[in-house]
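Note sheet for the following structure.
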Amino acid sequence: MADSFDVLIIGAGASGLMCAAQAGFRGKKVLVLDHGSAPGRKILMSGGGRSNFTNTQVSSGHYLSSNPHFCKSAISRYTSRDFIDLVARYGISFEERSHGQLFCVESASQLLDMLLAECRQAKVNIRMDTPVEKIKSLLSQTDPEDTPRFRIHTGSGKIDTRSLVIATGGVSIPGVGATPFGYKVAEQFGIPIVPVRPGLVPFTLQPKDKKNLQPLSGISVDAKVSCPSAVFTEKLLFTHRGLSGPVILQISSHWQPGQTIFIDLLPFGSLEETFKKEQGTRPKKQVRSILYGRLPKRLVDIRLQGFPADRAIGSVSHDQIRQIASAFHEWQIKPGGTEGNRTAEVTLGGVDCNHISSKTLEAGDVPGLFFIGEVLDVTGWLGGYNLQWAWSSGYCAGQYV
Ligand SMILES: Cc1cc2nc3c(=O)[nH]c(=O)nc-3n(C[C@H](O)[C@H](O)[C@H](O)COP(=O)(O)OP(=O)(O)OC[C@H]3O[C@@H](n4cnc5c(N)ncnc54)[C@H](O)[C@@H]3O)c2cc1C
């Protein structure tokens with residue numbers, strides 16, 4: 001004899017818990033299943049433990065997808081303001097940092113507690129440590145309103161459900177339970193997958209650059225970084241493995257393997273103009289010491305290799321000035337690759353949105369099957385956009401399951 005629910009959600013993460021509470025508040029009998037031992041593990045990790053849970057400026061322009069219009073409906077029906085109101089109702093203190101990013105002042109665990117409290121109020125059942133073995137479609141020709149449409153086989157028994165929600169997220173950080181389960185379910189029901197790859201992820205370097213830049217490990221500077229399809233200005237961090245920091249995470253989602261990135265180490269002024277001014281006012285000043293006032297010494301020394309760094313600026317030709325300026329404003333690096341899913345914050349690609357309703361999040365050809373959150377081919381920029389997508393898509397699906 002199978003257990004029976006109106007709504008079964010696989011994945012007790014950000015989108016799954018939000019969807020569960022909403023469905024429960026509508027009077028649905030809801031079960032959330034997860035193979036992990038604890039819910040919301042990525043929520044707890046997010047924003048370095050303080051969760052950058054949304055952004056004040058959410059728009060569809062902050063998302064990457066092969067269907068760029070898809071996210072518009074959900075993010076306009078459940079907005080960052082709606083989530084902020086929920087957070088405020090629970091008395092969770094938060095602060096705004098740069099670029100409209102909102103973080104918890106104390107701990108990301110307060111958000112998870114809030115979602116679990118919502119689920120309790122909505123009488124949602126949550127079963128952890130429950131891997132799903134098989135999903136069987138029970139779709140019949142007649143399909144009356146109250147009959148189950150799916151049978152889920154788990155190690156601890158069978159469960160029937162009318163609505164099945166896949167909220168299993170992306171494949172980054174397998175150590176906290178990420179799996180490609182959602183993609184396999186999509187394939188089982190004939191829904192295509194947009195090829196997946198790691199996003200918001202540090203770059204590794206080619207062996208020669210890695211050796212050369214090793215001494216810079218730990219240095220962080222403001223930088224403008226561009227690749228053929230995007231440009232961002234934020235902090236760049238040199239690590240012992242390669243390049244990281246917010247500007248690299250942002251650009252990594254737009255970068256394609258083999259492409260060169262351009263780094264401007266002095267994004268807020270022209271070095272050529274600075275040098276020309278110094279030639280007029282302090283011609284005896286060394287090239288190196290002019291740059292020491294603007295960037296960390298180790299970085300300056302590495303970028304000045306091959307240039308007359310110790311010459312007085314007054315004796316440096318215009319041509320050399322242009323070349324030195326270019327070494328700092330247009331540093332070209334071809335990354336070796338990325339650190340991959342081990343450290344990526346998100347997965348680019350996923351369940352093809354062209355086969356999912358942007359209003360209900362239900363699969364067009366499979367009544368009762370819903371996909372929400374990161375498992376879909378919707379990936380936000382760094383800055384709270386990914387969690388907002390989880391809240392918005394979870395909330396909207398919760399109104400229709
Ligand atoms: C280190 C890190 C920091 C981040 N920081 C931020 C941030 O500050 N702001 C932001 O907006 N985004 C951030 N993100 C991204 C954000 O956490 C995710 O986009 C978001 O959690 C996705 O929500 P989701 O519900 O789709 O999936 P998840 O929250 O990942 O939940 C998926 C759930 O499904 C379960 N599951 C997976 N496979 C199976 C299976 N086979 N059977 C049963 N259950 C399964 C998992 O155990 C998990 O509980 C960060 C991500 C990482 C990794």
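The values are calculated or read from the model by the stated rules, or taken from the named source; none is laboratory data. Keep in mind that what you see is a predicted model, and the values were worked out from it rather than measured. In this analysis, Cβ positions are derived from the backbone assuming ideal geometry, glycine residues included, and neighbour counts consider all displayed protein chains.
Which pairs have Cβ atoms under 7 Å, sit 6 or more apart or on different chains, and link a residue in the stretch 90-109 that is closer than 20 Å to Thr233 by Cβ to one that is small (Gly, Ala, Ser) and surrounded by 14 or more Cβ atoms within 10 Å (Cβ to Cβ)?
His99/Gly383; Gln101/Gly383; Gln101/Gly384
Could you identify the single residue in Ser220, Ser229, Ser252, Ser270 that is closer than 30 Å to His62 by Cα, of a type in the set (Ser, Thr, Tyr), crowded, with 17+ Cβ neighbours inside 10 Å and out of contact with any Asp or Glu (no Cβ under 8 Å at 6 or more places or on another chain)?
On inspection, the qualifying residue turns out to be Ser252.
Against the definition (within 15 Å of the ligand (Cβ to nearest atom), over 25 Å from the mean Cα position of the chain (by Cα) and over 25 Å from Val346 (Cα atoms)), how does Thr154 come out, yes or no?
For Thr154, the condition - within 15 Å of the ligand (Cβ to nearest atom), over 25 Å from the mean Cα position of the chain (by Cα) and over 25 Å from Val346 (Cα atoms) - is met.
Six or more apart or on different chains, Cβ atoms under 9 Å: show the pairs whose first residue is in the stretch 55-81 and assigned by TED's automatic domain parsing to the domain that holds Trp391 and whose second is among the acidic types (Asp, Glu).
Every condition considered, the pairs that remain are Thr56/Glu96; Leu64/Asp377; Ser65/Asp377; Ser66/Asp352; Ser66/Asp377; Asn67/Asp352; Asn67/Asp377; Phe70/Asp377.
Go through the stretch 303-325 and give me each residue that's of a type in the set (A, V, I, L, M, F, W, C), over 14 Å from Gly280 (Cβ atoms) and not in a loop (DSSP other than H, G, I, E, B).
Matches in the stretch 303-325: Ile324, Ala325.
Among the residues of the stretch 354-371, are any in a helix (DSSP H, G or I) and either within 16 Å of the ligand (Cβ to nearest atom) or not assigned by TED's automatic domain parsing to the domain that holds Thr168 (or both)? Walk me through how you get there before you give the answer.
Taking the stretch 354-371 as the starting set, the residues that turn out to be in a helix (DSSP H, G or I) are 354-355.
Filter once more, keeping what is either within 16 Å of the ligand (Cβ to nearest atom) or not assigned by TED's automatic domain parsing to the domain that holds Thr168 (or both): none.
Within the stretch 354-371 (the criterion being in a helix (DSSP H, G or I) and either within 16 Å of the ligand (Cβ to nearest atom) or not assigned by TED's automatic domain parsing to the domain that holds Thr168 (or both)), the answer is no, since none of the residues qualifies.
If I ask for residues that are of a type outside the set (A, V, I, L, M, F, W, C), in contact with a strand residue (DSSP E or B) (Cβ under 9 Å, 6 or more places away or on another chain) and more than 11 Å from Val32 (Cβ to Cβ), which ones from the stretch 121-138 would you list?
Hits for the stretch 121-138 are Lys123, Pro131, Glu133, Lys134, Lys136, Ser137.
Is it true that Leu249 is closer than 18 Å to Asp222 by Cβ and either of a type in the set (Gly, Ala, Ser) or touching a helix residue (DSSP H, G or I) at 6+ places or on another chain (Cβ under 8 Å) (or both)?
Judged against the criteria, Leu249 is not a match.
Determine if the stretch 8-16 includes at least one residue that is at pLDDT 95 or above, in contact with a helix residue (DSSP H, G or I) (Cβ under 6 Å, 6 or more places away or on another chain) and hydroxyl-bearing (Ser, Thr, Tyr).
Scanning the stretch 8-16 turns up at least one residue that is at pLDDT 95 or above, in contact with a helix residue (DSSP H, G or I) (Cβ under 6 Å, 6 or more places away or on another chain) and hydroxyl-bearing (Ser, Thr, Tyr).
Across the stretch 8-36, what is the total count of residues that are on the phi > 0 side of the Ramachandran plot and surrounded by fewer than 24 Cβ atoms within 10 Å (Cβ to Cβ)?
Taking the stretch 8-36 as the starting set, the residues that turn out to be on the phi > 0 side of the Ramachandran plot are 11, 27.
Narrowing further to those that are surrounded by fewer than 24 Cβ atoms within 10 Å (Cβ to Cβ): 27.
Selection size over the stretch 8-36: 1.
Show me the strands (runs of 3 or more DSSP E) found entirely inside the stretch 59-150 where at least 2 residues are within 23 Å of Val165 (Cα to Cα).
Counting at least 2 such residues, we get 125-127, 132-137.
Every residue, every condition in (1) touching a helix residue (DSSP H, G or I) at 6+ places or on another chain (Cβ under 8 Å); (2) within 15 Å of the ligand (Cβ to nearest atom), yes or no:
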| position | (1), (2) |
| --- | --- |
| Cys104 | yes, yes |
| Met114 | yes, yes |
| Glu133 | no, yes |
| Lys136 | no, no |
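Conditions: (1) within 10 Å of the ligand (Cβ to nearest atom); (2) without any contact (Cβ under 8 Å) to a residue 60 or more places away in the chain; (3) farther than 15 Å from Asn386 by Cβ. Met128 meets all but one. Number of the miss?
Going through the list (1) within 10 Å of the ligand (Cβ to nearest atom); (2) without any contact (Cβ under 8 Å) to a residue 60 or more places away in the chain; (3) farther than 15 Å from Asn386 by Cβ, Met128 breaks only (2).
Scan the stretch 372-401 residue by residue and report those that are in a loop (DSSP other than H, G, I, E, B) and within 11 Å of the ligand (Cβ to nearest atom).
Ile372, Val378, Trp381, Leu382, Gly383, Gly384
Scan the stretch 50-81 residue by residue and report those that are over 23 Å from Asp113 (Cα atoms), within 13 Å of the ligand (Cβ to nearest atom) and of a type in the set (Ser, Thr, Tyr).
If the condition is that a residue be over 23 Å from Asp113 (Cα atoms), within 13 Å of the ligand (Cβ to nearest atom) and of a type in the set (Ser, Thr, Tyr), then Tyr63 is the only one that fits.
State yes or no: is Leu213 touching a residue at least 60 places away in the same chain (Cβ under 8 Å) and in contact with a strand residue (DSSP E or B) (Cβ under 8 Å, 6 or more places away or on another chain)?
Criteria met by Leu213.
Could you pull out the residue among Val132, Val194 that is touching a Phe, Trp or Tyr at 6+ places or on another chain (Cβ under 8 Å) and of a type outside the set (Gly, Ala, Ser)?
Going through Val132, Val194 in turn, the sole match is Val132.
Can you find even one residue in the stretch 120-141 that is at pLDDT below 95, touching a Lys or Arg at 6+ places or on another chain (Cβ under 6 Å) and either closer than 23 Å to Leu382 by Cα or outside the structural domain of Leu8 (by TED's automatic domain parsing) (or both)?
Scanning the stretch 120-141 turns up no residue that is at pLDDT below 95, touching a Lys or Arg at 6+ places or on another chain (Cβ under 6 Å) and either closer than 23 Å to Leu382 by Cα or outside the structural domain of Leu8 (by TED's automatic domain parsing) (or both).
Of everything in the stretch 160-204 that's among the polar types (S, T, N, Q) and within 27 Å of His62 (Cβ to Cβ), which residue is farthest from the ligand (Cβ to nearest atom)?
Looking at the filtered set, the residue picked out is Thr204.
Which residues, taken from the stretch 15-53, are assigned to a helix (DSSP H, G or I) and over 19 Å from Val378 (Cα atoms)?
Once the filter is applied, which keeps residues that are assigned to a helix (DSSP H, G or I) and over 19 Å from Val378 (Cα atoms), the stretch 15-53 yields Ala20, Ala21, Gln22, Ala23, Gly24, Phe25, Arg41, Leu44, Met45, Gly47, Gly48, Gly49.
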